[in-house]
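S.K.: The following block contains the structure, expressed as C-alpha cells.
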Amino acid sequence: MSDRLSNKYGTVLFVFCGGGCKAVIQAVAAAELVKAGFCPTHIVSSSAGSCNALGFVENPGVIGAAKTIRVWEEYITSPEAIYEVHPFLREKLARLLGVVPQVTQGWGPSVSMLHDIRRAIKFLPLVISFCVRMPFRVAGRTVSFVFRLMDAFASPHKSFRRLVQAPEIQETFDEMDKYFEFKRMKAFLDPFPLLARLGEQIDLQKVLTSPIVWHIITERYEDGATVVFSNKDPDLAMDGSEDMRSQKAKHDLFFKRIRASMALYPLFEMVEMDGHRYLDADLANPLPVDEAFSFGCDTVFILLNVPRKSVRVEPSPLRDLLEFNDLLRLNERYIHYRVKEAQVKAKEMGVNLFVIRPEDIPPGLGLLEIDSKVIEFVKNHERKRMKVYLANLDAHNLRFAPPIR
C-alpha cells in the first residue's frame, strides 16, 4: 500500500463472504482493490470466500489476486469441475433404478421377467405410501416452517441453524429418512474435483508463512458455535526443525480446516476434527460482523455476493408467502440487519467501512452454476464498476454515511 493510502486508511481487512460460484464476482472486485493499493493485512473468510482467500494469502498483492482469478478461469469453469455425486447417493440411485424392471430391454437385468415383476410389486407399496402420505405430511410441516422463518426474521439475531432444529423440521426429516436413509448419507455431493485442483495450485507453506493473517470461519455442528481458525495458529507454527512428515501433517491439518469452512452441509460432507464435526458457517453467519471488527484494523472491506436489491425489511406473512419463490429474500433481509450492525460498530470504533456487493447476478451464475462465458462477463463488468467505485471511494464509506434505515 502506498504511503498516502496507508496514512489515510491504515491497516486493511478484507471479509470474503460465501455464495458458491457467485464468489467469482468477489474475486474480481477484491483484485481491483489490490490493484488500487489496498493490500490487506488481515482476511476473514467463509465458504466460497475461503477459496478466494487462498490466492490472496499465498502471494500478497497483485500476483495473488491475478492467480485467484486464473483459478476461476482455468479450473472452476463448470459444475463438473466443482463436485461429483457422493458415492452413497450413487449407490442409492443405482439400487432404486435397479428395482424397476427394464421390460423394454429384453428380459430385464435379472434375465427373468417374472422375477423383475415380483420385485416391482414389492416396491409398489413404498411408492404409493410415499406419493399419498408424504405430500400431506410435508405440506403441513412446510407451512409451520414458513411461518417459523417469518417469525425468526422479525428478530435479526436468530440463526438458520435454530430453525433447522425446530420440531416440525426434525419430524419431516425423520419421515423422509424412512424411505431414503438420509441419516446414513454424509452428503449429496463430493467436492473432490475442486479440492484436488486447489491442492495442486496452492502452496500451503507460503500460505502459512504469509504476512497476511487469515482468519477462517467455520461452525461446530454439535453446538452451533462459530469457530475461527487461522494460518497463524500455534499448532501450525514451524521453526525449521520439522521433518517432511511433520510438515505434511501440519499442511494436512490446515487444509482440513479450509475444507471445513467450505463444507456446505448437506450438499458437502462435514469435516471431523478432534471429536467434533465442522461445516460451512455461511448459513448461520453469512456476514461475520463481530469477527471483522475484532482484529483492530483501521479499514474493513466487506465483499458480499448477495446482490443490491430493494429489501422489504419488515416481515409480512401473506406477501412473504407469495414471494417465497425468491430464494434470496430471507437472506437479503438478514444481510440488511447485519450491514446495519456493521455500520453502527464502524461509527462507534472509528473504523472505515466499505460494503461492496454486486448490483445483480448475471444469468448462468448460481451456487453451483457457472461457465467460462459468465466468468468473462463478470470480469469485464466488475472491473468497469470498481473503477467507478474507486474513483469516488470516500462517498461509499459507511462510517460517515447516514445511518442505514
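S.K.: Take ASP190 and decide whether it is within 26 Å of CYS297 (Cβ to Cβ) and charged (D, E, K, R).
M.R.: no
S.K.: Of all residues being touching a residue at least 40 places away in the same chain (Cβ under 8 Å) and not in a helix (DSSP H, G or I) in region 18-38, which is surrounded by the most Cβ atoms within 10 Å (Cβ to Cβ)? Just the residue, please. Give the steps one after another, and end with the answer.
M.R.: Step one: filter region 18-38 for residues touching a residue at least 40 places away in the same chain (Cβ under 8 Å), giving 18-30, 32-33, 36, 38.
Among the residues that remain, those that are also not in a helix (DSSP H, G or I) are: 18-19, 36, 38.
Values: GLY18: 29, GLY19: 25, ALA36: 17, PHE38: 21.
In this case the residue turns out to be GLY18.
S.K.: Within region 45-52, is even one residue in contact with a Gly (Cβ under 9 Å, 6 or more places away or on another chain), modelled with pLDDT under 95 and of a type in the set (A, V, I, L, M)?
M.R.: Within region 45-52 (the criterion being in contact with a Gly (Cβ under 9 Å, 6 or more places away or on another chain), modelled with pLDDT under 95 and of a type in the set (A, V, I, L, M)), the answer is yes, since at least one residue qualifies.
S.K.: Let me ask another. ASP239 fails exactly one of the following numbered conditions: (1) open to solvent by 60 Å² or more (accessible area, probe 1.4 Å); (2) in contact (Cβ under 8 Å) with a residue 24 or more places away in the chain. What is the number of that condition?
M.R.: Just one mismatch for ASP239, condition (2).
S.K.: Taking region 187-207, which residues are open to solvent by less than 40 Å² (accessible area, probe 1.4 Å) and in contact with a Leu (Cβ under 6 Å, 6 or more places away or on another chain)?
M.R.: Answer for region 187-207, where residues must be open to solvent by less than 40 Å² (accessible area, probe 1.4 Å) and in contact with a Leu (Cβ under 6 Å, 6 or more places away or on another chain): LEU189, ILE202.
S.K.: Let me ask something else. Tell me whether region 243-257 contains one or more residues that are among the small types (Gly, Ala, Ser) and crowded, with 21+ Cβ neighbours inside 10 Å.
M.R.: No, region 243-257 contains no residue that is among the small types (Gly, Ala, Ser) and crowded, with 21+ Cβ neighbours inside 10 Å.
S.K.: Name the residue that is nearest to ALA81 (Cα to Cα), counting only residues in region 351-397 that are aliphatic (A, V, I, L, M) and surrounded by fewer than 13 Cβ atoms within 10 Å (Cβ to Cβ).
M.R.: Among those that are aliphatic (A, V, I, L, M) and surrounded by fewer than 13 Cβ atoms within 10 Å (Cβ to Cβ), it is VAL388.
S.K.: Another question, if that's okay. For region 246-281, enumerate the residues that are hydroxyl-bearing (Ser, Thr, Tyr) and closer than 22 Å to ASP223 by Cβ.
M.R.: Keep residues of region 246-281 that are hydroxyl-bearing (Ser, Thr, Tyr), which gives 246, 261, 265, 278.
Scanning region 246-281 gives SER261, TYR265, TYR278.
S.K.: Next up: Name every residue in region 57-76 that is among the aliphatic types (A, V, I, L, M), farther than 21 Å from ASN380 by Cβ and crowded, with 22+ Cβ neighbours inside 10 Å, in order of residue number.
M.R.: Once the filter is applied, which keeps residues that are among the aliphatic types (A, V, I, L, M), farther than 21 Å from ASN380 by Cβ and crowded, with 22+ Cβ neighbours inside 10 Å, region 57-76 yields only VAL57.
S.K.: Got at least one residue in region 9-17 being within 30 Å of ALA281 (Cβ to Cβ), modelled with pLDDT of 85 or more and among the hydroxyl-bearing types (Ser, Thr, Tyr)?
M.R.: yes
Matching residues to (1) open to solvent by 30 Å² or more (accessible area, probe 1.4 Å); (2) at pLDDT 90 or above:
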| site | (1), (2) |
| --- | --- |
| HIS276 | yes, yes |
| VAL289 | no, yes |
| THR299 | no, yes |
| LEU304 | no, yes |
| PRO317 | yes, no |
| GLU323 | yes, no |
| LEU327 | yes, no |
| LYS340 | yes, yes |
| MET349 | yes, yes |
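The values are calculated or read from the model by the stated rules, or taken from the named source; none is laboratory data. In this text, all values refer to a predicted model and were calculated from it rather than measured experimentally. FYI the Cβ positions are ideal-geometry reconstructions off the backbone, even for glycines, and counts take in every protein chain you see. Surface areas here come from the heavy atoms of the whole protein model, side chains and all, with no ligands, DNA or RNA. Shrake-Rupley method; radii C 1.70, N 1.55, O 1.52, S 1.80 Å.
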